[in-house]
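Undergrad: Questions regarding the structure given below will be posed in turn.
Every number here is computed from the coordinates shown, using simple stated rules; none is lab data. Quick caveat: nothing in here was measured; it's all calculated off a predicted structure. Glycine gets a Cβ as well: all are built from the backbone with ideal geometry, and neighbour counts include every protein chain shown.
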Amino acid sequence: MALTNKQRAGWCAIAVTLVGGFEGLRLAAYADPVGIPTICFGETKGVHLGQRATLDQCKAMLAASLQLANHAVDDCIRAPLPDYRRAALVSFAYNVGQANLCGSTLARKMNAGDVEGGCDEMLRWKYARGIYLPGLVTRRQAERNLCLVGAE
């Protein structure tokens, strides 16, 4: 589904705030809680420890990655998505990846019209590489709450 610039601006502004708030900004690469080299706003692809980035580079990476996450949402979710729900799903896809989103019970429930059940599925994603992360619990609760805005 093609989005207008106005529609894109709505979900994107929300997603930037959500992702940026939970990922934080680090201009020097670091090992995340499960040991994955990470930089900027949670970028991991091609990152190596010792790498540095500028704020402008980090903003560009975030914008590109959010667009990829939005494409993942478009590829996996066929249900109508108001801005808040799309932003929540984009944040989720940014964090877990397209394959995990597409193969999830969350996607199946959303596509079956079970918005509440789909949003609730986000709460199950609180582990990374089998390690329980309290930060993911907080993030998933925020994503779920945003996902449910306007749900009947």
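Undergrad: Checking L68 against (1) more than 23 Å from A151 (Cα to Cα); (2) of a type outside the set (G, A, S); (3) buried (at least 19 other Cβ atoms within 10 Å of the Cβ), only one condition comes out false. Which one?
TA: (3)
Undergrad: Step by step: first the residues of region 102-116, then only those that are surrounded by 14 or more Cβ atoms within 10 Å (Cβ to Cβ) and hydrophobic (A, V, I, L, M, F, W, C), then the one that is nearest to N70 (Cα to Cα). Which residue is that?
TA: Across region 102-116, the extreme among qualifying residues is C102.
Undergrad: OK, next. Within the set of pairs 6 or more residues apart or between chains, which connect a residue that is of a type in the set (F, W, Y) inside region 26-49 to a residue that is assigned to a loop (DSSP other than H, G, I, E, B) with Cβ atoms less than 7 Å apart?
TA: Sorted first by the residue in region 26-49, then by its partner, the pairs are F41/L25.
Undergrad: Among (1) part of a helix (DSSP H, G or I); (2) farther than 20 Å from G10 by Cα, there is one condition H48 misses while meeting the rest; what is its number?
TA: All conditions pass for H48, except number (1).
Undergrad: Tell me yes or no: at least one residue of region 84-94 is surrounded by 20 or more Cβ atoms within 10 Å (Cβ to Cβ), in contact with an Asp or Glu (Cβ under 7 Å, 6 or more places away or on another chain), among the hydrophobic types (A, V, I, L, M, F, W, C) and without any contact (Cβ under 8 Å) to a residue 24 or more places away in the chain.
TA: No - not one qualifying residue is present in region 84-94.
Undergrad: Mind listing whichever residues of region 117-144 are surrounded by fewer than 17 Cβ atoms within 10 Å (Cβ to Cβ) and free of Cβ contacts under 8 Å to residues at least 24 places away in the same chain?
TA: G117, L123, R124, Y127, G130, Y132, P134, V137, Q141
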